[in-house]
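Have a look at the structure below before the remarks.
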Amino acid sequence: MSHLCIDKVVVRFGGIVALDGVSFEVPEGEIVGLIGPNGAGKTTLFNCLSRLYQVHGGDITYNGRSILSLPPHRMTEIGIGRTFQNLALFHNMTVRDNILAGGHPASRGGFIGNALRLPGSRREERRLHEKADRLMEELDLTAVANEGVGELPFGTRKRLEIARALMSDPKLLLLDEPAGGLNHDEVDELAERIHGLRDERALTVLLVEHHMGLVMRVSDRVVVLSFGRKLAEGTPDEIRQHPEVIEAYLGKAG
Amino acid sequence: MTATTKPWKRYLLHLRSAVPALCLLAALIAPFVLEGFTLYQLTKVAVYAMAILGLNLLTGYNGQFSLGHSAFYAVGAYVTAILMTTSGFTPYLAIPIAGLAAGLAGYLFGLPALRLEPLYLALATFGLAVATPQLLKSSHLEDLTGGVQGISLTRPEAPFGLPLNSDQWWYLVSLAVLVCMLWLARNLIDSRSGRAMIAIRDNPIAAAAGGIDVAGYKTATFAVSALLTGIAGGLSAVVVELVAPDSFTFNLAILFLIGSVVGGVASISGAVFGGAFVLFVPNLSEDVSKGLAGAVYGVFIIGVIFFMPQGLAGFAQKLKARLEK
């Protein structure tokens, strides 16, 4: 089950209202695109979903339960994984270790068992490695498995972030500008990949994106934010023709 | 390997995987060919290496700074000495208990400290290092700690009638403890726990978003680090046969830090290099120039940092990589 419900969420930074009563839902199995001009509050909302920002009003529930009392590291446990807009990889680790680190919530081993290499820890480690190998295969990372992340091309690092997030077996995947910095072909590939994730892994996806083409192509539904409020919500076609959306993006005519 | 590989290079290549084993063999032979003071110094290298290993786990792998590890070393040493002299404990029991006591101290100190930014954490631990010798001397604790005099103890001879003198025996005990610690630390770093520690160092926000309990791991790492350093302190009490407040000043914390950085802060084997460096290089500096020993030591440190930014262990790694090319 995966059902995310954002209910009249308010976030303030000092005197500035970054989110002003935003409400929408992300039902199971859907790909929902979140768009809006710069400063509309998209990333703020994402950071609320990861529990990195405090919410000042309203509620966010996942499968009927409020997430606002949970610490950030519990989000993967309830099934919410994410990637970051500006890449937040572990820069001194190899590609493989980055992915393995993503498997943290899907494993248990503690300090003592790991230090002593007890059978349980070894089994778990083997299981994590197998899973990481499969994900690297799936996301075309096998060739760079043992390389450090610093030297990798941008597109590869973006795929690595997705692989790392998938290691914890999320039900809901939050993608923060996955197309940022990608070239045309890479964006095409990404669009296919996002559909593939939903279809093959039964993932629900919430996507923040500047790249209109990608959002319109992959989303089942699009939510438009502007100045901290929800401006519109609907299918990509409805959004494309929505007068207020056109105005927000292109400015008032005449 | 191509046919053009030079014979000497091929020879070295064969040798390289045997290096750790050869080192261990040399370390095992050492007590039977070296004597007295040299052996005592090697024992101290092993003890310092344990403390530095504790610091490496904390700083190198988890990104937390400590200028206060002399305090945990002191806890280990004093608990061992007190248990042995007042309650008649054998050191084989007293040292592990002392290690746990230091680990607990580290855990309790880590709880509030982990909320601090790196610079403030460094300062807080510095406070701990400065306070420790004073506390140990304090008249309120004098009955327990022996005040300024400290506590002298006697180390037991080798058990089971082994044909070893006490210097040889305690050298071998220290070596065995160090080897165990290096093995445990290696396992830890290569596991889920180690990856979590490193992830927190590299990017705490991404680590938390990836399901890692940042606060929990930081405190646990602080405790493990203090535990290793506390065991080192306990062994040092037995080896030196004396604990006194002025052996645990801020200078000792700096000594560990130098050993950690010079050896290679994010490395396991670096702790051994670091332990050897802080023990032998000051003496070496004195041989170079009596009057300028401090300056020569400083030049050595700057030299290592300048020419081997990953420390001695990193330098050794690079040599190995070059050989394998």
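Taking each residue in A:84-91, count the Cβ atoms of any other chain within 10 Å of its Cβ, then average. What number comes out?
4
Which ordering of B:Phe273, B:Phe72 is given by a fewest-first count of other beta-carbon atoms within 10 Å? Kindly include the intermediate steps, with their values, before the conclusion.
On the way: B:Phe273 25, B:Phe72 38.
Exposure proxy ranking, most exposed first: B:Phe273, B:Phe72.
Positive end of the charge dipole of chain A (Lys, Arg +1 and Asp, Glu -1 on Cβ, about the Cα centre): tell me which of A:Phe13, A:Gly196, A:Ala163 has its Cα farthest that way.
Of the candidates, A:Phe13 comes out farthest on the positive side.
In whole Å and largest first, what semi-axes does the C-alpha gyration tensor of segment B:1-119 yield when each eigenvalue is scaled by 5 and square-rooted?
Over the Cα atoms of segment B:1-119, the ellipsoid semi-axes are 38, 25, 11 Å.
I want to make sure I understand the PRE zone here: with the label point 7 angstrom from the Cα of B:Arg186 toward its beta carbon, which residues in segment B:247-290 have backbone N atoms less than 11 Å away?
Once the point is set 7 Å along Cα→Cβ of B:Arg186, B:268-269 turn out to lie under 11 Å by backbone N, inside segment B:247-290.
Can you work out the Karplus-derived ³J(HN,Hα) for every residue in segment A:161-167? Use 6.51 cos²θ - 1.76 cosθ + 1.60 with θ = phi - 60°, whole Hz, and x for glycine or proline.
So the J values, rounded to whole Hz, are 4, 5, 4, 4, 5, 6, 4.
For chain A, modelled as a Gaussian network with Cα springs under 10 Å, which listed residue fluctuates most, A:Leu152, A:Leu175, A:Leu128?
Top of the fluctuation ranking is A:Leu152.
Where in chain B are the DSSP H helices whose C-alpha atoms run 18 Å or more along the long axis and whose mean Kyte hydropathy is at least 0.0?
B:19-33, B:36-55, B:69-86, B:91-113, B:118-137, B:166-189, B:214-240, B:250-263, B:270-288, B:293-307
Just to confirm the number: angle between the C-alpha axis of helix A:184-201 and the first principal axis of chain A, 0 to 90 degrees, nearest 10?
70
Taking 7 Å along the Cα-to-C-beta vector as the label spot, tell me the A:Arg12-B:Ser289 distance in nanometres, rounded to one decimal.
6.5
Build a GNM of chain A with springs between Cα atoms under 10 Å: which of A:Gly110, A:Gly155, A:Gly39 gets the top mean-square fluctuation?
Result for chain A, Cα springs under 10 Å: A:Gly110 fluctuates most.
For chain A, with equal point scatterers placed on the C-alpha atoms only and solvent neglected, what are the log10 I(q)/I(0) values from the Debye formula at q = 0.09, 0.14 1/Å, to two decimals?
The computed values of log10 I(q)/I(0) come out as -0.42, -0.97.
For the charge dipole of the protein assembly as shown, defined by +1 on Lys and Arg C-beta atoms and -1 on Asp and Glu C-beta atoms about the Cα centroid, which residue among B:Leu227, B:Phe306, B:Ser289 has the Cα displaced farthest towards the positive pole?
My answer, from the dipole projection, is B:Ser289.
Which FRET efficiency value, to the nearest 0.05, is calculated for A:Glu30 and A:Ile112 with the Förster distance at 56 angstrom and r the Cβ-Cβ distance? Mind dumping the intermediate values first?
Working: r = 43 Å, r/R0 = 0.77.
Efficiency for this residue pair is about 0.85.
Please report, in debye to the nearest 20, how large the charge dipole of the protein assembly as shown is about its Cα centre when each Lys and Arg carries +1 at its beta carbon and each Asp and Glu carries -1 there.
Values: 48 positive and 49 negative charges, 203 e Å.
With Lys and Arg at +1 and Asp and Glu at -1, about 980 debye.
When the chain is fully extended, how far beyond the present Cα-Cα distance does B:Tyr92 get from B:Leu24, taking 0.36 nm per residue of separation? Could you put the intermediate results ahead of the total?
Working: separation 68, 0.36 × 68 = 24.48 nm, distance 2.29 nm.
Extra length available between B:Tyr92 and B:Leu24 comes to 22.2 nm.
With the alpha-carbon atoms as the only input, what is the per residue convex hull volume for segment A:83-169 in Å³?
Cα-based convex hull of segment A:83-169, divided per residue, equals 93 Å³.
Would you tell me the mean number of C-beta atoms belonging to other protein chains that fall within 10 Å of each C-beta in A:109-118, as a whole number? Display every interim value, and only then the final one.
Numbers: counts 3, 4, 13, 4, 4, 10, 12, 4, 7, 1.
Partner-chain Cβ atoms within 10 Å, mean over residues of A:109-118: 6.
Could you size up the charge dipole of chain B around its Cα centre, putting +1 on the beta carbon of Lys and Arg and -1 on that of Asp and Glu, and report it in debye to the nearest 20?
On the way: 18 positive and 14 negative charges, 284 e Å.
Once rounded to the nearest 20, the dipole reads 1360 debye.
Can you check what the net charge comes to around A:Asn146, using other residues whose Cβ is under 11 Å from the Cβ of A:Asn146 (Lys, Arg +1; Asp, Glu -1)?
Here the charged neighbours net out to -1.
At 0.36 nm per residue, minus the direct Cα-Cα distance, what do B:Ile305 and B:Arg322 gain on full extension? Give it in nm, one decimal, please.
Numbers: separation 17, 0.36 × 17 = 6.12 nm, distance 2.01 nm.
The B:Ile305-B:Arg322 span can extend by a further 4.1 nm.
If every alpha-carbon in segment B:139-285 counts as one equal scatterer, what log10 I(q)/I(0) does Debye give at q = 0.11, 0.14, 0.20 1/Å?
After summing over all Cα pairs, the log10 values are -0.59, -0.89, -1.32.
Using a simple spin-label model with points 7 Å from Cα along the Cα→Cβ vector, what separation in nm is obtained for B:Glu157 and B:Thr85?
About 2.4 nm separates the two model spin labels.
Calculate one ³J(HN,Hα) per residue across segment A:64-72 by plugging θ = phi - 60° into the Karplus curve 6.51 cos²θ - 1.76 cosθ + 1.60, and present them in order as whole Hz with x for glycine and proline.
x, 10, 5, 9, 6, 9, 8, x, x
Of A:Lys131/B:Lys318; B:Lys6/B:Lys44; B:Lys6/B:Lys318; A:Lys131/B:Lys218; A:Lys42/A:Lys171; A:Lys171/A:Lys230, which pairs sit farther than 29 Å apart, going by alpha carbon to alpha carbon?
Values: A:Lys131/B:Lys318 31 Å; B:Lys6/B:Lys44 40 Å; B:Lys6/B:Lys318 19 Å; A:Lys131/B:Lys218 27 Å; A:Lys42/A:Lys171 21 Å; A:Lys171/A:Lys230 25 Å.
Long pairs (Cα-Cα over 29 Å): A:Lys131/B:Lys318; B:Lys6/B:Lys44.
How high is the relative contact order of segment A:83-169, in percent, with contacts defined as C-alpha pairs under 8 Å that are six or more residues apart?
54
Rounded to the nearest 500 deg cm²/dmol, what is the calculated helix-only ellipticity per residue at 222 nm for the protein assembly as shown, with -39500 (n - 2.57) per DSSP H run of length n ≥ 4?
Helix-only estimate at 222 nm: -18500 deg cm²/dmol.
Please report A:Thr235, A:Thr44, A:Thr61, A:Thr204 as a ranked list, fewest other C-beta atoms within 10 angstrom at the top and most at the bottom.
Result, fewest neighbours first: A:Thr235, A:Thr61, A:Thr44, A:Thr204.
Please arrange A:Thr76, B:Thr85 by how many other C-beta atoms lie within 10 Å of their C-beta, fewest to most.
B:Thr85, A:Thr76
Which net charge results when you count Lys and Arg as +1 and Asp and Glu as -1 among the other residues whose beta-carbon is under 10 Å from that of B:Asp190?
Value of the local net charge: +2.
Label-point separation (nm) for A:Arg126 and B:Val179, each offset 7 Å from Cα along Cα-to-Cβ?
2.7
Using only atoms on other chains, find how many Cβ atoms lie within 10 Å of each Cβ of peptide A:160-170 and report the average.
Mean partner-chain Cβ count within 10 Å for A:160-170: 1.
Since every read-out is calculated from the coordinates, none of them should be taken as a lab result. Quick caveat: nothing in here was measured; it's all calculated off a predicted structure. Cβ sites come from the backbone with ideal geometry, for glycine too, and all protein chains shown count toward neighbours.
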